[in-house]
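Input: a single structure, listed below in structure tokens.
The numbers here are math on the coordinates, done by the rules we state, and not lab data. Since the structure is predicted, the reported quantities are computational estimates derived from the model, not experimental observations. Cβ coordinates were reconstructed from backbone atoms using ideal geometry, including for glycine residues, and neighbour counts include every protein chain displayed.
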Amino acid sequence: MKQSAGSMPMTADAAIGIFDSGVGGLSVLRHVHAALPRERLVYVADSGYAPYGDKPEAAIVARSLAIADFLASQRIKALVVACNTATAAAIAAIRAQWPRLIVVGIEPGLKPAAQQSASGVVGVLATRSTLASQRFALLRQQMEAQYEVHYLPQACVGLVDLIEKGELHSVATVTLLEGYLRPLLEQGADTLVLGCTHYPFVREAIGSVCRRLGGRQPAIIDTGEAVSRQLRRLLHETALLADGGDGSLCGFTTASQSTLQHAFRRLLDLHPPVHALAAG
């Protein structure tokens, strides 16, 4: 049963919900956890349906609304859509369903990349769904009109799957990155946008491949920290910042509990309880 907008708790001691198609959103959670240590955080990895990037938009919207509904039942005051693909496809539907809830999404950092690039050529690494979305097209159009910059969109098919498996430095991952990065570097990209929350976990591998292919290290834009700043600002403006306590963290997953536990430990050095969540 869906939570009605009127039943949403708007109290400082309520939790913050964060979700992604899998473990990629942990790259955003680490910034939120560091910036808001007193908050209660509830993370959902919809790994049973990952990756979102190769699914139809209607399916992404349906999954996003289902996860948001579950998090609403956990008494949250704010929701972070820690997935570029879900933000592009479903954030409007989430805000329409829960208009009183603070909802923060994540978008590729096209603006900071444009401001930083010296060559005016920016590579955008993302999923096919994100790059095909109207939201991305509008953002790209706005930035290209405002700045003298040329964006090179690169769909990184298969990369999320490898990151979900924990293959951050495997031969398969490096080979995939070489194929995606080579044409961007050859076209003069001096800045790369990580347009999927999974990709910061292979940032080191991206840098290594770039140095080997082009002999230089491009600037890499990750918007996770900007999301945590925006969330803190909105909580402050609405007087919903937690005013005491030590904070807490728990996880839910629609796939393997041990896999998410391992990801928390390996990627963030955190050991929260992880619960199973029915995939239906």
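Place a +1 charge on the Cβ of each Lys and Arg in segment 110-221 and a -1 charge on the Cβ of each Asp and Glu, then give the dipole magnitude about the Cα centre in debye, rounded to the nearest 20.
Numbers: 10 positive and 9 negative charges, 15 e Å.
Value, rounded to 20: 80 debye.
Note on segment 66-140 and segment 200-222: Cα centroid distance 23 Å, given to the nearest whole angstrom. If the reach is capped at under 15 angstrom between alpha carbons, list the aspartates and glutamates near Lys111, excluding any in the same chain fewer than eight residues apart. Within reach: Glu144, Glu148, Asp190, Asp222, Glu225.
Distances between placed amide hydrogens fall under 5 Å for Leu249 paired with Leu41, all partners being 5 or more residues away or on another chain.
Under a point-charge model restricted to the Cβ atoms of Lys and Arg (+1) and Asp and Glu (-1), what is the dipole moment magnitude of the chain relative to its Cα centre, in debye to the nearest 20? Please report the intermediate quantities before stating the final value.
Working: 25 positive and 23 negative charges, 52 e Å.
Result for the chain is approximately 260 debye, rounded to the nearest 20.
Using a Förster radius of 51 Å, what is the FRET efficiency between Leu268 and Ala145 based on their Cβ-Cβ separation? Nearest 0.05, please. The value I calculate is 0.85.
Taking a ≥ b ≥ c as the square roots of the Cα gyration tensor eigenvalues, with a/c under 1.5 meaning rounded and otherwise prolate when a/b beats b/c, else oblate, which class fits segment 110-221?
Judged from the Cα gyration tensor, segment 110-221 comes out oblate (a/c at least 1.5, b/c at or above a/b).
This ranking places Cys250, Cys156 by how few other beta-carbon atoms lie within 10 Å of each, fewest first, which gives Cys250, Cys156.
For segment 110-221, the relative contact order is 36 percent, taking Cα pairs closer than 8 Å that sit 6 or more residues apart in sequence and dividing their mean separation by the residue count.
Sparse packing (at most 11 other Cβ atoms within 10 Å of the Cβ) combined with a DSSP loop state is found for the following trypsin sites (Lys or Arg not before Pro) in segment 134-229: Arg216.
Taking every C-alpha pair closer than 8 Å and separated by at least 6 residues, the mean separation divided by the residue count of the chain gives a relative contact order of 26 percent. By DSSP, the beta bridges lying fully in segment 110-221 are antiparallel in about 0 percent of cases. Can you give the FRET efficiency to the nearest 0.05 for Gln74 and Val157, using r as the Cβ-Cβ distance and R₀ = 30 Å? The formula returns an efficiency of 0.35 here. Calculate, for Glu225 and Ala58, the FRET efficiency according to 1/(1 + (r/R0)^6) with r their C-beta to C-beta distance and R0 30 Å; round to the nearest 0.05. It comes out at approximately 0.40. Of the residues Ala242, Phe201, Ile18, the one whose Cα sits farthest toward the positive end of the charge dipole of the chain, with +1 on the Cβ of Lys and Arg and -1 on the Cβ of Asp and Glu, is Ala242. Rounded to the nearest 20 debye, the dipole magnitude of segment 164-280 is 220 debye, with +1 charges on Lys and Arg beta carbons, -1 on Asp and Glu beta carbons, and the Cα centre as origin.
Candidate cross-link partners of Lys77 among the aspartates and glutamates, defined by an alpha-carbon separation under 19 Å and a same-chain spacing of 8 or more, comprise Asp13, Asp20, Glu39, Asp69, Glu237, Asp243, Asp246.
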